[in-house]
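Chemist: This is the structure I want to talk about, given as structure tokens.
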Amino acid sequence: MAAYKEIVTKAVVGKGKKRFKNSYTVQADNAPTTILGCWVINHEFKGYKTEDKVGVKGSFDINIWYSYDNDTKTTVINQNIEYNDLFNVKIKENADLSDTDIIVRSLKQPTCGEVNIKDGKTISFTIEKELGVEIVGETKVKIAIEEDEEPWEEIIDEIDDDTLNEIDEVVDENYIKDTNQEG
């Protein structure tokens, strides 16, 4: 019959991913004629625990380049957008969630999908992103061990000073020099 030991270690005890598509609006200083480009930069985020869900709080900067005055001038709107998204995370049975770490990864960086000019100076756009979450916590693993394990005292051979001196006497310090001169 095999004996077992229990090891306590950190492991992924829950994970999930979610795709988001959110709509936003911004106000332009001038009445836009044409949208010339839209890009997202400086995406930052951090995960946190709520009761039975995981939240991700983050922000990114949106840059919308547009023309105005009948396509004779251009400018760029720069705006920071904050978000707070919640996840349902599948958690392993019997997982202790009291001392856990939340790891968030951006599986698909935020991108600007659709940009439209609305009434007057209002521009609407959609942002798509995908985030993945892992909950790392303590878990127990059982492993089988051999019963005829030798104690540490029997395995370790002691090396005394006399043995070390004998080894030093046998070592030829010029071995590398002699070998390099032959080649």
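Chemist: Given a cut-off of under 8 Å on Cα pairs at least six residues apart, what relative contact order in percent is computed for the chain? Walk me through the numbers on the way to the answer.
Modeler: On the way: 351 pairs, mean separation 57.9, N = 183.
Answer for the chain is 32 percent.
Chemist: If you don't mind, there's one more thing I want to ask. Report, in listed order, any pair from Lys21/Lys90; Lys5/Lys90; Lys17/Lys121 with a Cα-Cα distance greater than 32 Å. Write down the numbers at each step before the final one.
Modeler: Numbers: Lys21/Lys90 22 Å; Lys5/Lys90 28 Å; Lys17/Lys121 36 Å.
Among Lys21/Lys90; Lys5/Lys90; Lys17/Lys121, the Cα-Cα distance tops 32 Å for Lys17/Lys121.
Chemist: Shifting gears a bit: Which three extents, in angstrom, do the Cα atoms of the chain have along their principal axes, listed largest first?
Modeler: The Cα atoms of the chain stretch 94, 61, 23 Å along their principal axes.
Chemist: How large is ³J(HN,Hα) for each residue in region 4-17, as worked out from phi by the Karplus curve 6.51 cos²θ - 1.76 cosθ + 1.60 (θ = phi - 60°), to whole Hz, x for Gly and Pro?
Modeler: 10, 10, 9, 10, 9, 8, 8, 8, 6, 10, x, 7, x, 9
Chemist: Compute the length gained on full extension between Asp61 and Ile145: take 0.36 nm times their separation in residues and subtract their Cα-Cα distance, giving the result in nm to one decimal. Numbers along the way, then the final one.
Modeler: Values: separation 84, 0.36 × 84 = 30.24 nm, distance 5.49 nm.
Going from the current span to full extension adds 24.7 nm.
Chemist: Additional query: Any chance you could give the angle, 0 to 90 degrees and rounded to 10, that helix 161-170 forms with the longest Cα principal axis of the chain?
Modeler: That helix lies at roughly 90 degrees to the long axis.
Chemist: OK, next. Kirkwood hydrodynamic radius of region 31-139 from all distinct Cα pairs, in Å? Could you put the intermediate results ahead of the total?
Modeler: Details: mean 1/r = 0.0615 Å⁻¹.
About 16.3 Å, per the Kirkwood formula over Cα pairs.
Chemist: Under 10 Å, Cα contacts only: if you run a Gaussian network model on the chain, which one of Glu147, Glu93, Glu138 comes out with the highest mean-square fluctuation?
Modeler: Glu147
Chemist: With a 10 Å radius around each residue's Cβ, average the other Cβ atoms per peptide and rank 78-84, 167-173, highest first. Please report the intermediate quantities before stating the final value.
Modeler: Working: 78-84: 11.7, 167-173: 7.6.
Result, highest mean first: 78-84, 167-173.
Chemist: Return the subset of Lys57/Lys129; Lys46/Lys142; Lys18/Lys49; Lys15/Lys49; Lys46/Lys108; Lys57/Lys108 for which the Cα-Cα distance in this structure is over 24 Å, preserving the input order. Walk me through the numbers before you get to the answer.
Modeler: Working: Lys57/Lys129 13 Å; Lys46/Lys142 33 Å; Lys18/Lys49 16 Å; Lys15/Lys49 13 Å; Lys46/Lys108 16 Å; Lys57/Lys108 16 Å.
Beyond 24 Å: Lys46/Lys142.
Bear in mind these aren't lab numbers, they're just calculated from the coordinates by the rules spelled out. Nothing here was measured: the structure is a model prediction, and the numbers come from that model. Note: ideal-geometry Cβ built from the backbone for every residue, glycine included; neighbour counts use all protein chains shown.
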